[in-house]
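K.L.:
Mind looking over this structure? Questions follow.
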Amino acid sequence: MANSSTLKIALRGPLSTVLPSLAQTQLLRACLWCGEAGAQAWRKWSREIADPAGFLRREKDGVKGLLPLLFDSLQTNDVFVERKFRTYLRTAYLRDELRSRTYGRICHDVTTTFTSAGIPAVLLKGAALAETCYKSPALQHAHHLDILIRDRDLTRAVEILRLHDFTCATVATSSEWRGVELVHESGLPVVLHRRLFRCPFYSVNMEEIWVRSRKKVLYGAPTRFLCSSDNLFHICGLVFDLEQHESLRWVCDAWFLIQRRPNLDWNLLLECIRQSRMVFPLYITASYLSESLNAPIPNSFLVGLRAAALKAQPIEREVALLAVQTNARGGLKKIMQNCDDWHTQGFVIKWALLPSPEYMQRVYEVPSSFLLPLCYLYRPLKYLLRSTWFCGKRVLRWFREKFDLPRAAPNVLSS
């Protein structure tokens, strides 16, 4: 029987299911790498795709959001592309440039509104990175405006935004793990978060996050944002949060953040990862960024992450598997296909059929041990319902591609 350490590292295969594929990685290299390396990455990717424009236009696997970045990279690296395709990329770039101006204006209005009302707010993800880490805001194709607020300010924040051209898309809930979504009259969704992650197992000390946050003028207004270490922690950790979509933007966000912040406090990041029990999510994502994209991550940090993974508790492995199962890129079938040996398969099968009681209580927030049997029955039912839902989405996508059915016209800001 394989020892515990071997099993933990063997889980890297199934946990890597949520990472970009080889072809997607090649496209990301073409978007992110400079000089001849970036040019070669593009030539290698484009040779394997019969119709690059058609492939990118179909919005498969979240690659459409990379178009402005790809256009800028091809221009910077002086890569020759066919005129029609270059026009297609330039159009996508100009569209996102216009979109980013509206996005920035709304971001400015929201932050100044909260400041005037005395509500502390922190910009998250693309909203914070577009102006600070990207060469141009148009290169960061954000779908939402994500803002972190404190628990006590939620109700008042929602009321204030409703007075400023926002309507509620979700009902405010007492659950501290769920964000509240509002929609601007332009169609841009604004999500108010009280925690960095939805999964209740991840024990992030939010008070320390707030203390380490910094103020800076963004979008023409004084704005608070996460410190660099917490920003990278959030971006990479979200890949293993519950209910994530297929977007590849997290890779670009993390890449540019690492590139633009050479003095990033890696020791602080490692300590935060350990305390929050997010060793496996960061071990998988950081290893990918380093090994597949040559991101300048210190080897001492990667060694520390590996050592922490060897000491992680079994429940941490179970929670990481849950994230892969619920991810749009994942699923139980893909997890099993990526198991490297039968010892790992055995652990995954046990987790799928009979996870530990601690896992059930932490993840499903079971208030009493007497309710555990009901929760064990509910779990496979939920899995079947989710499988049916995603199967229906795949069938619908197949019909759209097969018969070239039109999609609903997306809003300029929410697409």
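K.L.:
Take the stretch 356-373 and flag every residue that is of a type in the set (Gly, Ala, Ser) and in contact with a helix residue (DSSP H, G or I) (Cβ under 8 Å, 6 or more places away or on another chain).
P.N.:
Of the stretch 356-373, the ones of a type in the set (Gly, Ala, Ser) are 356, 368-369.
Within the stretch 356-373, Ser356, Ser369 qualify.
K.L.:
Hey, another quick one. If the requirement is being among the hydrophobic types (A, V, I, L, M, F, W, C) and surrounded by fewer than 20 Cβ atoms within 10 Å (Cβ to Cβ), which of these qualifies: Ala221, Ala254? Let's see the steps before the verdict.
P.N.:
Details: Ala254 fails: surrounded by fewer than 20 Cβ atoms within 10 Å (Cβ to Cβ).
After applying the criteria, what remains is Ala221.
K.L.:
Residues of the stretch 287-325 being of a type in the set (Gly, Ala, Ser), touching a Phe, Trp or Tyr at 6+ places or on another chain (Cβ under 8 Å) and over 20 Å from Gln259 (Cα atoms), which ones? So that I can check it myself, show each step before the final result.
P.N.:
Step one: of the stretch 287-325, the residues of a type in the set (Gly, Ala, Ser) are 287, 290, 292, 295, 300, 304, 307-309, 312, 320, 323.
With touching a Phe, Trp or Tyr at 6+ places or on another chain (Cβ under 8 Å) added as a condition, the list becomes 295, 300, 308-309, 312, 320, 323.
Those that are of a type in the set (Gly, Ala, Ser), touching a Phe, Trp or Tyr at 6+ places or on another chain (Cβ under 8 Å) and over 20 Å from Gln259 (Cα atoms): Ala308, Ala309, Ala312, Ala320, Ala323.
K.L.:
Suppose we filter Arg214, Arg224 for residues that are within 20 Å of Thr111 (Cα to Cα), modelled with pLDDT under 95 and touching a Cys at 6+ places or on another chain (Cβ under 7 Å); which single one remains?
P.N.:
Working: Arg224 fails: touching a Cys at 6+ places or on another chain (Cβ under 7 Å).
After ruling out the rest, the residue left standing is Arg214.
K.L.:
Are any residues in the stretch 257-266 assigned to a loop (DSSP other than H, G, I, E, B) and either surrounded by 22 or more Cβ atoms within 10 Å (Cβ to Cβ) or at pLDDT 95 or above (or both), and if so, which ones?
P.N.:
Residues of the stretch 257-266 assigned to a loop (DSSP other than H, G, I, E, B): 261-265.
Once the filter is applied, which keeps residues that are assigned to a loop (DSSP other than H, G, I, E, B) and either surrounded by 22 or more Cβ atoms within 10 Å (Cβ to Cβ) or at pLDDT 95 or above (or both), the stretch 257-266 yields only Asp265.
K.L.:
Looking only at the stretch 1-20, filter to residues that are more than 28 Å from the chain's Cα centre (by Cα) and not in a helix (DSSP H, G or I); which one of those is modelled with the highest pLDDT?
P.N.:
So, considering only residues that are more than 28 Å from the chain's Cα centre (by Cα) and not in a helix (DSSP H, G or I), the one modelled with the highest pLDDT is Asn3.
K.L.:
Looking at (1) crowded, with 18+ Cβ neighbours inside 10 Å; (2) hydrophobic (A, V, I, L, M, F, W, C); (3) assigned to a helix (DSSP H, G or I), which is the only condition Cys339 fails?
P.N.:
(3)
K.L.:
Please specify each residue of the stretch 136-150 satisfying the condition of being surrounded by fewer than 20 Cβ atoms within 10 Å (Cβ to Cβ) and modelled with pLDDT of 90 or more.
P.N.:
Result: Arg150, single match.
K.L.:
Go through the stretch 107-120 and give me each residue that's touching a Ser or Thr at 6+ places or on another chain (Cβ under 9 Å) and buried (at least 22 other Cβ atoms within 10 Å of the Cβ).
P.N.:
Of everything in the stretch 107-120, those that are touching a Ser or Thr at 6+ places or on another chain (Cβ under 9 Å) and buried (at least 22 other Cβ atoms within 10 Å of the Cβ) turn out to be Cys107, Thr111.
K.L.:
Output the residues belonging to the stretch 50-90 that are part of a helix (DSSP H, G or I), of a type in the set (Lys, Arg) and either closer than 20 Å to Glu36 by Cα or modelled with pLDDT under 90 (or both). Even if it seems obvious, please write down each step before you answer.
P.N.:
Kept after step one, since they are part of a helix (DSSP H, G or I), are these residues of the stretch 50-90: 52-57, 60-62, 64-76, 83-90.
Subset that is of a type in the set (Lys, Arg): 57, 60, 64, 83-84, 86, 90.
Answer for the stretch 50-90, where residues must be part of a helix (DSSP H, G or I), of a type in the set (Lys, Arg) and either closer than 20 Å to Glu36 by Cα or modelled with pLDDT under 90 (or both): Arg57, Lys60, Lys64, Arg83, Lys84, Arg86.
The values are calculated or read from the model by the stated rules, or taken from the named source; none is laboratory data. Predicted, not measured: the structure shown is a model, and the values here were computed from it. Cβ coordinates were reconstructed from backbone atoms using ideal geometry, including for glycine residues, and neighbour counts include every protein chain displayed.
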